1. Once the convex hull of the C-alpha atoms of the range 138-266 is built, how many Å³ does it hold per residue, rounded to a whole number?
2. Apply 1/(1 + (r/R0)^6) to the Cβ-Cβ distance of residue 444 and residue 241, taking R0 = 41 Å, and write down the FRET efficiency to the nearest 0.05.
3. Give me the mean projected area, in nm² to one decimal, of the convex hull enclosing the Cα positions of the range 1-150.
4. Under a point spin-label approximation (7 Å from Cα along Cα-to-Cβ), what is the residue 206-residue 190 distance to one decimal in nm?
5. Would you mind ranking 146, 141, 105 so that the residue whose beta carbon has the fewest other beta carbons within 10 Å leads the list?
6. May I have the pair-distance distribution P(r) for the range 297-358, computed from all Cα-Cα distances with 10 Å bins from 0 and rounded to whole percent?
7. Using helices alone, I'd like the mean residue ellipticity at 222 nm for the chain: each DSSP H run of four-plus residues gives -39500 (n - 2.57), total over residue count, nearest 500.
8. How big is the range 64-202 in terms of Cα radius of gyration and Dmax, in angstroms?
């Protein structure tokens, strides 16, 4: 048996059963414990998020980022290749009904990511350089009281996102550019590594400056392109909704037998790909939310809710509906090829170019976000001395990823992503009282609520 078969077997158990139940169960638990915070506070969340939008916010530094810059950095990681390829894979494997289950997982995931962001704010601290840092490793060690679990999480996320994950992202970009522009993969990888290095070595200020400008523009570009396709095929929009709702409970009926999926497969692929895309519960985005400069931890929790909303209910939905309204689903094509075919059906030859450009922005912004998350854990494990080697290694992995066939790398990324989730959710569930207390203070005592721990922040 080959290594890839072993890893696939592990992932089949991990992502088909253990993590889906753990992630969804956590989301359901926090939804009820926090009294449907994602619904009753959604208006406040929108005001916090969209009231502070600017492409030229104050310069980030050792004190952290603005709340919007933190949100943009989180979304940079969330909105990636999964939004272009993940939705397509879910539909191709589980039928249109998989999108319904994506919505369900995202809805409950909003409460989980709220809890993660709140804890990241409460347990953030300063490192030896005076830089504000935070994330799961900090609330696992300080709040939950387990340095062992914290170290395990840090190692898993550095490998999963900083190294392996960024190989996958660079590979996606190089493949898209080779298809659309016939550019050699190695040259694309070197260019990506150098461009990324300019941002890495610029520190938190350059990362914040990049994400606050690029994330809104890239999302807007893709949304505009998607909306144009939907308007061109407006008569198919209602049938697309019907396919989603029918397919959630009768996948074969939704596609006339084209996709031979069961309800179980629709749920599995929808929930798994949805959670993989929005990263709720995975322990990645709290690193961005930890360094936000806010008056109360719950404020950044609300910003985190908007991150999931934008990722799943806007960007990912664009991909899903473009595929369905263009009639591209053929029962054979999957992944990014299915998305490319959908836009090509609408835009002709420009469709491939459009997807390649969008994929570049989505994947490259994810590289920056994932690098930043890994950096926080390098700081936790090794301090400042680990930063330069880490930056150089990430650049090397970007180049390698652009030239390799990464089937095994994809599988290993899934494995280490899964290993991140377990210690993170153990701590988040164990600190549920802290989250509830913070939200109650925000709800009922807005004039005198608990400030972030200034001695640590």
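What follows is calculated from the coordinates using simple rules that are stated; it is not laboratory data. Every value quoted in this text rests on a predicted model; they were computed, and no experiment measured them. For neighbour counting, all protein chains shown are included, and Cβ atoms are generated from backbone atoms with ideal geometry for every residue, glycine included.
1. Output value, Cα hull per residue: 225 Å³.
2. About 0.55, to the nearest 0.05.
3. 12.6
4. Calculated label separation equals 2.0 nm.
5. 146, 141, 105
6. Each 10 Å bin holds this share of Cα pairs: 21, 41, 21, 13, 4.
7. -22500 deg cm²/dmol
8. So, for the range 64-202, Rg and Dmax equal 18.4, 52 Å respectively.
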